[in-house]
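Nothing in this text is a laboratory measurement; each read-out follows from the coordinates by a stated rule. This one's a predicted model, so the numbers in the text were calculated from it and none came from an experiment. Quick reminder, even Gly has a Cβ in these numbers, built from the backbone with ideal geometry, and neighbours come from all protein chains shown.
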Amino acid sequence: MNSLQSRHDATRWDFDAAFRTRIEQARALATEALLRARNADGTWTGELSASALSTATAVTALTLMIRSDPAAAARLGPLIERGYRWLIAHQNADGGWGDTVESRSNISTTTLVWAACGLKELAAENVGRGLPTPPSPEKRRGRETPPYIETAERWLTRECGTLDPDALVRAIEQRYGEDRTFSIPILTMCALCGRLGRGAEAWRHVRQLPFEVAALPQRWFGALQLPVVSYALPALIAIGHVRHALRPTRNPLARALRDRCRARTLRKLGELQPPNGGFLEATPLTSFVVMSLAAAGLGPHEVAQRGAKFLELSARPDGSWPIDTNLATWVTTLSVNALAPVATSVSEWTLPHSRAIADWLLRQQFRAEHPYTLAAPGGWAWTNLPGGVPDADDTAGAILALQNLAGIDPAVQEAIAAGVTWLLDLQNRDGGMPTFCRGWGRLPFDRSSPDITAHAIRAWTAARGILPQSLQARVDRARVRAVGFLRREQQPDGTWIPLWFGHQEHAREENPLYGTARVVSALRDLPQDLSPGDSIARAVRWLIAQQNPEGGWSGATGARSSMEETGLAVEALADAWRSVASTPEEQGRLREVLARGGAWLCAAVEQPQWDKPAPIGFYFAKLWYHERLYPLIFAAGALTRLADAVAPRP
């Protein structure tokens, strides 16, 4: 044992027996609650927050489907009406809407709900087939505006200066910059709902997406530098179709080309659609496709019909829709990896149904090329449902969970090796890991990110010992490149900025706590010759400084502590307690911080507070969500690591 390890082991005794007992008891409470949250098959499904944005897009899509098929009104009408009632009941006090019921009002969600409510008014006036036509300004004068629309318009006027379409377009495009993935769908829905003007005039505010490129070989798309991210191809096709149908270009050659490509691109859209109709299991993406096809006169098309059925079946009893169906694979791997013991071997772990969970995870691995992203076999998606797409974060989580769950038999070893290879092949030239596709483009949700890179490092490091020698050599090279990426991406204050998590009160809607905690926990697993000790030390000092006075942590300085973020910080610092070289003074400070953080978590578990999830999740296009299981998962993981860190050693 080296002197550093001896010093760290000695400091474990600084925690008194009463504190260690409380940590262990809280860990047992959190573990028991997390185990109770399982399904009958022993896995976890969780529950995503209701979404005003999803609900607005869904009721719009279904309303326009009724316009193309009035016979569907008896079936879809009650869903639409419940959706509107939910939206009106969950308007924020300031007149706007946020992504979740705990979220601040924002321009995207408020605009979409305002548009949907406008369609509700128009639909009542325009009976029959075709698109509802907004009344002329003269006809609107003197007509009473419903209070919820009036207050929404006041909110939008404060944000945009005016409700003039040009001002609204500027505000929406400013939020998303050069990434048109979500700004164009928002403006498309506004045009369909009569919020950008009358007739073809409305469509001059909506950029034409080049849907004709979908007729080209899909492997070319990355090189084309499209104005949307990789996962948005269905929206590009469908929205391109409706824009072309309702305001075609004046260029005769481009118009002829698009006319010629209509049938082929619709076939491509059908190939991308999963059997249940839900693109990526995402309500907004599916809704944008359905409303666009319906408005383009393609409501009877099988893609529109399957998409509408998906929306119908995913509506919740209270009238809302979630942002996505579920994150079953993601929360299952998070739960397994949170509960996995630190100091005992896997063979001594007795998680109920552990083999059944491992078999379930093996069944979720993709064994063929994915038609959506052309991803090679070997990866995992966030869900067990057909709309999922393999991605780096979930593949790394599955690799770690399989090693924690069961003995390494041939089936598990083969699956892990395939997953490791899949991650290695995905690594970008900069050494970092993207989410879905290697080298697709410059837009944020396709770039390398520190949190996903850190997760890949953890998976590679944990799996290395069971891999063939040739794969071990590839892992070694990949880790060096990944660490180099993380060094370059570390911010001057010592933090790392994640991609898929944020904080609503942060000035840039980022969550440096999530990113920093995840990277610290990954880097401490590396062999000493690879571990960037200086980077870890800077990050640990930042985490220590971010602790709130009451002992918890938040993703935004000074904001209210959450179980999720406190759990992440405590887990990272408990890992650092074992491995970061520091002076006795720094160790004393770290001990004090862990004691206060552990006490805060214990109190949150003892009360309990895990029924209050925080909206820290970032979905596609900067949409907020919270997940019912996140507080429990992150608390259980932190208390497991902290219990090991403070336990006395022989």
Checked region 162-215 with the C-alpha gyration tensor, a ≥ b ≥ c its square-rooted eigenvalues, rounded below a/c of 1.5, otherwise prolate if a/b is larger than b/c and oblate if not; verdict oblate
Taking every C-alpha to C-alpha distance in region 455-608 and binning by 10 Å from 0, the per-bin percentages run 11, 39, 33, 15, 3, 0
Ordering 189-199, 583-593, 86-96, 279-289 by per-residue average of other C-beta atoms within 10 angstrom, highest first, gives 279-289, 189-199, 86-96, 583-593
The ratio Rg/Rh over the Cα atoms of region 536-650, Rh being the Kirkwood inverse mean 1/r radius, stands at 0.99
Stokes-Einstein D for region 596-650 (25 °C, 0.890 mPa s, Kirkwood Rh from Cα pairs), in µm²/s, comes to 192
Given all pairs of distinct Cα atoms, region 392-490 yields a Kirkwood Rh in Å of 13.4
Taking Cα atoms only, Rg over Rh for region 358-425 with Rh from the Kirkwood formula is 0.93
A student applying the Cα gyration tensor rule (rounded when a/c is under 1.5; otherwise prolate if a/b is larger than b/c, oblate if not) would label region 66-107 prolate
Summing -39500 (n - 2.57) over every DSSP H run of at least 4 residues in the chain and dividing by its residue count gives a helix-only mean residue ellipticity at 222 nm, to the nearest 500 deg cm²/dmol, of -18000 deg cm²/dmol
Summing +1 per Lys or Arg and -1 per Asp or Glu among the other residues with Cβ less than 9 Å from Ile497's Cβ gives -2
Rounded to the nearest 10 degrees, the helix 354-364 long axis (Cα) sits at an angle to the longest Cα principal axis of the chain of 40
Under Stokes-Einstein, the chain at 4 °C and 1.567 mPa s, with its Kirkwood radius over C-alpha pairs, diffuses with a coefficient in µm²/s of 50
Note: Gln528 to Asp41 extended length (0.36 nm per residue) minus current alpha-carbon separation gives 171.3 nm
Of the listed links Lys120/Lys268; Lys120/Lys622; Lys268/Lys309, those spanning more than 30 angstrom between alpha carbons are Lys120/Lys268
Taking a ≥ b ≥ c as the square roots of the Cα gyration tensor eigenvalues, with a/c under 1.5 meaning rounded and otherwise prolate when a/b beats b/c or oblate if not, region 30-95 comes out oblate
Length-normalised contact order of region 609-650, Cα under 8 Å, at least 6 apart, in percent, tallies to 31
Relative to the chain, whose Cα atoms define the longest principal axis, helix 302-314 and its Cα axis are tilted in degrees, nearest 10, by 60
Restricting to Cα pairs under 8 Å and 6 or more apart, the percent relative contact order of the chain works out to 17
Here P(r) for region 262-347, Cα-Cα distances in 10 Å bins, as whole percents, is 16, 37, 21, 13, 10, 4, 0
Taking Cα atoms only, helix 73-89 is inclined relative to the longest principal axis of the chain by an angle, in degrees rounded to 10, of 60
The whole-number value in µm²/s of the Stokes-Einstein translational diffusion coefficient for region 525-571, with Rh from the Kirkwood sum over alpha carbon pairs at 25 °C and 0.890 mPa s, is 209
